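> Take a look at the following structure, please.
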Amino acid sequence: MGALRMTVVVFGARGNVGRHVARGLLDAGAEVRVTSRSPDAAGFPAGVEVVAADLERPETLPAAVKGADKVFVYAKPDGVEGFVEAAVSAGVRHVVLLSSAAVVLPGADDNPIAQSHRVVESAIERSGIDWTFVRPGMFATNTLWWWQQPIRDEGVVRNPYPDAQTAPIHEADLAALAVTALTRPGHERQAYTVYGPQSLTLRQQVEHIGDALGRTIRFDVISVDEARAELSRTIPQIGVETFLRQWASRNGSPADVSTVVADVTGRPARTFAQWAVDHAGDFR
């Protein structure tokens, strides 16, 4: 594919989504610049420019976005005004933000996660720069937070809600949405709320991971208090309570699914079973 004759800056290019965004943009022929607090090339795809930048240090941002046409960025409320000022001054034409579905769910006004993401969305909206918001629900990679260690060490998952249903989304699909928005016209001023293609119980998700590993993983039903204590070892407290509330509200109830990935990118969304295969090494 020929060069797109544009420079795209990718913040968080070592992250679960950002690394796929950088690779997808390179494959599309864009000039890609990635940012890092520690600007060495390790872990980045060949062919990208690496610059030092930190969204919480506004003085580092003008150089990072200088000459850029478009930017992919994740939501970081601290310093967002500095980011917007730097992007406007640099003449950036389009920002794709990795936001959260929490901003459009009931109770958003009282949800700290929704509030923090909406702060960033609002700042970008006020800037006058074209924007696209990608608002995912449950990340499939969240399962690494609560299940990676017990599956690796003990071959077991402990949770109070085996029948709670979620629709996890593969991080590569979120990246595909972002790359599409950055490289094809018609996605400006659009907000995509996106869920995975299947509603699955937590027990079914564990079974998919077991299938990917070629072994059975035991599912132990524990109390909410026991789960709170166990999750608190790996997840910030705000996240623990958020997940416990979500699981409780979805216990026995189907989760929202979406066709946004297929509608926007033209290819089907990846299933959780595919995600489990892609990440089997993380659980071994």
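The values are calculated or read from the model by the stated rules, or taken from the named source; none is laboratory data. Remember, predicted model here, so these are calculated numbers, not experimental data. Positions of Cβ are backbone-derived with ideal geometry, glycine not excepted, and every protein chain shown enters the neighbour counts. Side chains are part of the model used for accessible areas, which takes the heavy atoms of the whole protein and leaves out ligands, DNA and RNA. Shrake-Rupley method; radii C 1.70, N 1.55, O 1.52, S 1.80 Å.
> Take the residues in region 146-174 that are in contact (Cβ under 8 Å) with a residue 24 or more places away in the chain and out of contact with any strand residue (DSSP E or B) (no Cβ under 9 Å at 6 or more places or on another chain), then tell me which one is surrounded by the most Cβ atoms within 10 Å (Cβ to Cβ).
172
> Related question: Which numbered condition trips up residue 265, out of (1) modelled with pLDDT under 95; (2) of a type outside the set (A, V, I, L, M, F, W, C); (3) open to solvent by less than 40 Å² (accessible area, probe 1.4 Å); (4) over 16 Å from residue 144 (Cα atoms)?
(1)
> Then there is this: Quick one: count up the residues across region 114-145 that are open to solvent by 50 Å² or more (accessible area, probe 1.4 Å) and in contact with a helix residue (DSSP H, G or I) (Cβ under 9 Å, 6 or more places away or on another chain). Please lay out each step first, then the result.
First, pick out the residues of region 114-145 that are open to solvent by 50 Å² or more (accessible area, probe 1.4 Å): 115, 118-119, 125-126, 128, 130, 145.
Of the ones still in play, those that are also in contact with a helix residue (DSSP H, G or I) (Cβ under 9 Å, 6 or more places away or on another chain) are 115, 118-119, 126, 128, 145.
The total comes to 6.
> Among the residues of region 239-284, which ones are among the hydroxyl-bearing types (Ser, Thr, Tyr), in a helix (DSSP H, G or I) and out of contact with any Pro (no Cβ under 9 Å at 6 or more places or on another chain)?
249, 265
> What's the total number of residues in region 16-31 that are open to solvent by 30 Å² or more (accessible area, probe 1.4 Å) and either more than 19 Å from residue 174 (Cβ to Cβ) or in a loop (DSSP other than H, G, I, E, B) (or both)?
Here the count works out to 2.
> Here is a list: 284, 270. Which entry is of a type outside the set (Val, Ile, Thr), buried (at least 19 other Cβ atoms within 10 Å of the Cβ) and in contact with a helix residue (DSSP H, G or I) (Cβ under 7 Å, 6 or more places away or on another chain)?
Of the residues listed, the single one that is of a type outside the set (Val, Ile, Thr), buried (at least 19 other Cβ atoms within 10 Å of the Cβ) and in contact with a helix residue (DSSP H, G or I) (Cβ under 7 Å, 6 or more places away or on another chain) is 270.
> Now for a different question. Looking at region 160-173, is at least one residue more than 18 Å from the chain's Cα centre (by Cα) and either assigned to a strand (DSSP E or B) or under 20 Å from residue 274 (Cα atoms) (or both)?
Step one: filter region 160-173 for residues more than 18 Å from the chain's Cα centre (by Cα), giving 160-165.
From what's left, either assigned to a strand (DSSP E or B) or under 20 Å from residue 274 (Cα atoms) (or both): 164-165.
Checked region 160-173: at least one residue is more than 18 Å from the chain's Cα centre (by Cα) and either assigned to a strand (DSSP E or B) or under 20 Å from residue 274 (Cα atoms) (or both).
> Kindly provide the set of residues from region 191-215 that are more than 18 Å from residue 142 (Cβ to Cβ) and in contact (Cβ under 8 Å) with a residue 40 or more places away in the chain, ordered by number.
Within region 191-215, 191, 192, 211, 213, 215 meet the criteria.
> While we're looking at this one, here's another question. Is it the case, given these coordinates, that residue 23 is in contact with a helix residue (DSSP H, G or I) (Cβ under 9 Å, 6 or more places away or on another chain) and basic (Lys, Arg)?
yes
> Looking at region 32-44 only, could you name the residues that are touching a residue at least 24 places away in the same chain (Cβ under 8 Å) and surrounded by fewer than 20 Cβ atoms within 10 Å (Cβ to Cβ)?
The one that is touching a residue at least 24 places away in the same chain (Cβ under 8 Å) and surrounded by fewer than 20 Cβ atoms within 10 Å (Cβ to Cβ): 43.
> Within the bounds of region 127-140, is there any residue that is of a type outside the set (Gly, Ala, Ser), touching a residue at least 12 places away in the same chain (Cβ under 8 Å) and assigned to a helix (DSSP H, G or I)?
Checked against the condition, which is being of a type outside the set (Gly, Ala, Ser), touching a residue at least 12 places away in the same chain (Cβ under 8 Å) and assigned to a helix (DSSP H, G or I), region 127-140 yields no hits at all.
> Does region 77-98 contain any residue that is within 18 Å of the chain's Cα centre (by Cα), of a type in the set (D, E, K, R) and under 19 Å from residue 179 (Cβ atoms)?
The answer is no; no qualifying residue exists.
> Quick one: residue 227 ticks every box in (1) in contact with a Lys or Arg (Cβ under 9 Å, 6 or more places away or on another chain); (2) open to solvent by 30 Å² or more (accessible area, probe 1.4 Å); (3) farther than 30 Å from residue 24 by Cβ except a single one, so which number is it?
Among (1) in contact with a Lys or Arg (Cβ under 9 Å, 6 or more places away or on another chain); (2) open to solvent by 30 Å² or more (accessible area, probe 1.4 Å); (3) farther than 30 Å from residue 24 by Cβ, the lone unmet condition for residue 227 is (2).
> Tell me which residues, restricted to region 178-218, are part of a strand (DSSP E or B), farther than 19 Å from residue 160 by Cα and of a type outside the set (Gly, Ala, Ser).
190, 192, 193, 194 - these are the residues of region 178-218 that are part of a strand (DSSP E or B), farther than 19 Å from residue 160 by Cα and of a type outside the set (Gly, Ala, Ser).
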